[in-house]
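Read the structure below first, then the notes.
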Amino acid sequence: MSRRIIDAIARIFRFKKSLTPLSGISSSSSLGLAEEYKSREVLDTYELEPGFAYGIIFRDPLTGEIRYEVVEPTITDRERTVIDLVKSELLQSIDRTIDEIGGYGKAVEYLKDRIRRILARRGVNPGLALWKIEYYLVRDLLGYGKIDALMKDPNVEDISCSGPGRPVYVWHRSYEFIPTNIVYEAKELDSFIIKLAYRSGRMITYAEPILETTLPDGSRINLTLGSEVTRHGSSFSIRKFRRDLLTIVDLVNLGTLTSEIAALLWFLVENRVSVLVCGGIASGKTTMLNCLSNFIHPDAKIITIEDTPELQLYHTNWVRSITRPKTMYGGEITVYDLLRTAMRQRPDYIIIGEVRGEEAYTLFQAIATGHLGMCTLHAESVEAALMRLQSPPMNIPRNMIAMLDTILVQRRAERDGMPIRRTEVVAEIVGYDESRDQIELNVIYRWNPEEDSFSYLNKCLSLKDIATRIGYSMDRIEEELGKRRMVIDWMCRTGRRSFAEVAEIVRRYVYDPESVLRYARIGV
């Protein structure tokens, strides 16, 4: 166990001397936390709500299963009674929304002021317990209750509950799906489902027990109420809206691809190629799509179309389109609807988060008529992707598929028992043989899983077309790729990995490459 983890756990146990797994949650907490964690292999721990809530990830010594434990301040029966009393009065008296108060920060201060006034009026002196009372009331009324700490964990991408009495699961960036120590009772879960629907501005009832909608922060939620459609009872799934997105620098540092491959993709996308990113579930397709999107020329007009708002672009001429399910206020708006609208806006690039139906045919029609496109597709290989594009409901002819330029295959694998993601194949479509009715492919790079390395197989033929179009010799193209690789290596070495930093450096390189190269050469 690392010193950082040991020190963090020590802070947890010192914290007000009152930290324990949240009451009502499945856990063997008869011993103190300090004793409990001595027998566990703690993998990681960090603050979720500074000074109040922590997350501990450990390996269960009996089953070997990785688990996620939320640790919050413990409360006495008297403190619980006070919290319930104040909560009841607040729910009856507060008639202003968070936005009406002035945002979340001001709402917290407003709520704390109301809490103290109620306690004073009722003659309750909470003493040192005030901080705990305020924490739980803010958590439950302004936050997301039991899962509020999970919603604040930047490493957690998805949160799901399959029914009462069952642990809430999270999808963690490092450990993937792992169970937590949070469990809902039946009535508690029903109430929470209704609250989530209300937060999204929608309603869910036993007559209409299924709801797919979006929370105010952009997180996508799927809800079911009762046991009619989900036999184990109410359930929810939250796909969190990610603010700290992985960048191309992160992907290089994580070994998803090399700086050499990244430099090639940067040059190709900036010089107007259409790209298909395919792969299996949780293989990193959307992450790669987002990284590639930020290589598009800064002045290009871009329209993105998504079911869930995940893509983040630095471009100013960017139109973001989101699908909408059917509501009582209007009909459903599909990817196909948004794509038809986008075609009328003269975009340089149309980016679709995922193609799965008739919209794929329309996108390839757009590519065939000179537009540029990017999208993701569920397919485990280049061959599987081509087969799926030709099959119902997409039904795209082979000669039209051949208008696509570049295909990437993302792979989710394991190494030393830990999940990894790799760009398995970088390929290009070089033509369509009409006599054989066959799409001709050129594989440029392929990942070697045994050595966890990337093999350079063939020259990128698209570079020759680009060289002709922009008036470069092939020697100059190779020199340019080397410069971009140097810039990416420099960003990796110096920790310039944030979305804003990477996007700004890419933008500056377009207009003043020498200023960027100057910094890259001296390594500062």
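The values are calculated or read from the model by the stated rules, or taken from the named source; none is laboratory data. These numbers come from a predicted model, not from an experiment. Note: ideal-geometry Cβ built from the backbone for every residue, glycine included; neighbour counts use all protein chains shown.
Structure summary
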item	result
Residue pairs meeting the criteria (Cβ under 6 Å; at least 6 apart or on separate chains; first farther than 17 Å from Asn155 by Cα and in contact (Cβ under 8 Å) with a residue 24 or more places away in the chain, in the stretch 242-260; second of a type in the set (Lys, Arg) and in a loop (DSSP other than H, G, I, E, B))	Val249/Arg497
Selection status of Thr180, farther than 21 Å from Ala53 by Cα, in contact (Cβ under 8 Å) with a residue 24 or more places away in the chain, outside the structural domain of Thr81 (by TED's automatic domain parsing) and not hydrophobic (A, V, I, L, M, F, W, C)	no
Test: Val70 is assigned by TED's automatic domain parsing to the domain that holds Leu141 and surrounded by 17 or more Cβ atoms within 10 Å (Cβ to Cβ)	no
Answer residue from the stretch 152-165, given it is in contact with a strand residue (DSSP E or B) (Cβ under 7 Å, 6 or more places away or on another chain) and not small (Gly, Ala, Ser) and is surrounded by the most Cβ atoms within 10 Å (Cβ to Cβ) among those	Cys161
Residue in the stretch 169-186 that is touching a strand residue (DSSP E or B) at 6+ places or on another chain (Cβ under 8 Å) and part of a helix (DSSP H, G or I) present	no
Any hit, the stretch 377-395, residues being touching a strand residue (DSSP E or B) at 6+ places or on another chain (Cβ under 6 Å), charged (D, E, K, R) and either modelled with pLDDT of 90 or more or not in a loop (DSSP other than H, G, I, E, B) (or both)	no
Subset tally (residues that are closer than 21 Å to Ile401 by Cα and more than 19 Å from the chain's Cα centre (by Cα)) for the stretch 263-302	9
Verdict on Ala366 being modelled with pLDDT of 95 or more, in a helix (DSSP H, G or I) and small (Gly, Ala, Ser)	no
Criterion violated by Trp490 - all others in (1) surrounded by fewer than 16 Cβ atoms within 10 Å (Cβ to Cβ); (2) touching a Gly at 6+ places or on another chain (Cβ under 8 Å) satisfied	(1)
Helices (runs of 4 or more DSSP H) enclosed by the stretch 205-319 - at least 1 residues per element that are among the hydrophobic types (A, V, I, L, M, F, W, C), touching a Phe, Trp or Tyr at 6+ places or on another chain (Cβ under 7 Å) and assigned by TED's automatic domain parsing to the domain that holds Arg508	259-270
Criterion (among the β-branched types (Val, Ile, Thr) and within 22 Å of the chain's Cα centre (by Cα)) met by exactly one of Thr224, Thr213	Thr213
Checking Ser200 against (1) at pLDDT 95 or above; (2) in contact with a strand residue (DSSP E or B) (Cβ under 7 Å, 6 or more places away or on another chain); (3) not charged (D, E, K, R), the condition it does not meet	(1)
When residues of the stretch 466-477 are limited to those that are surrounded by 14 or more Cβ atoms within 10 Å (Cβ to Cβ) and free of Cβ contacts under 8 Å to residues at least 12 places away in the same chain, the one nearest to Leu265 (Cα to Cα)	Ala467
Unique residue being part of a loop (DSSP other than H, G, I, E, B) and under 30 Å from Thr286 (Cβ atoms) when the list is Pro154, Pro164	Pro154
Conditions (1) of a type in the set (Ser, Thr, Tyr); (2) touching a residue at least 12 places away in the same chain (Cβ under 8 Å); (3) not in a strand (DSSP E or B); number of the one not met by Tyr432	(3)
Candidate set from the stretch 480-502 (those that are of a type in the set (D, E, K, R) and outside any helix (DSSP H, G or I)); member that is farthest from Leu251 (Cα to Cα)	Arg496
Residue match in the stretch 102-122 (condition: under 25 Å from the mean Cα position of the chain (by Cα), without any contact (Cβ under 8 Å) to a residue 12 or more places away in the chain and in a helix (DSSP H, G or I))	yes
Filtered residues of the stretch 320-371 (kept if in contact with a Ser or Thr (Cβ under 9 Å, 6 or more places away or on another chain) and polar (S, T, N, Q))	Ser321, Thr323, Thr327, Thr334, Thr341
Meets criteria (outside any loop (DSSP other than H, G, I, E, B), surrounded by 16 or more Cβ atoms within 10 Å (Cβ to Cβ) and under 24 Å from the mean Cα position of the chain (by Cα)) for Leu338	yes
Residue in the stretch 505-515 that is buried (at least 18 other Cβ atoms within 10 Å of the Cβ), at pLDDT 95 or above and touching a Pro at 6+ places or on another chain (Cβ under 9 Å) present	yes
Selection within the stretch 360-392 - over 18 Å from Met288 (Cα atoms) and either of a type in the set (Val, Ile, Thr) or in contact (Cβ under 8 Å) with a residue 40 or more places away in the chain (or both)	Thr362, Phe364, Ile367, Thr369, Ala384, Leu386
Matching entry among Arg446, Arg469 (being in a strand (DSSP E or B), of a type outside the set (A, V, I, L, M, F, W, C), modelled with pLDDT of 95 or more and over 17 Å from Ile396 (Cα atoms))	Arg446
Which numbered condition Arg139 misses (of (1) closer than 26 Å to Gly51 by Cβ; (2) out of contact with any Asp or Glu (no Cβ under 7 Å at 6 or more places or on another chain); (3) of a type in the set (D, E, K, R); (4) not in a strand (DSSP E or B))	(2)
Only one of Asp153, Asp148 that is acidic (Asp, Glu) and in contact with a Phe, Trp or Tyr (Cβ under 9 Å, 6 or more places away or on another chain)	Asp153
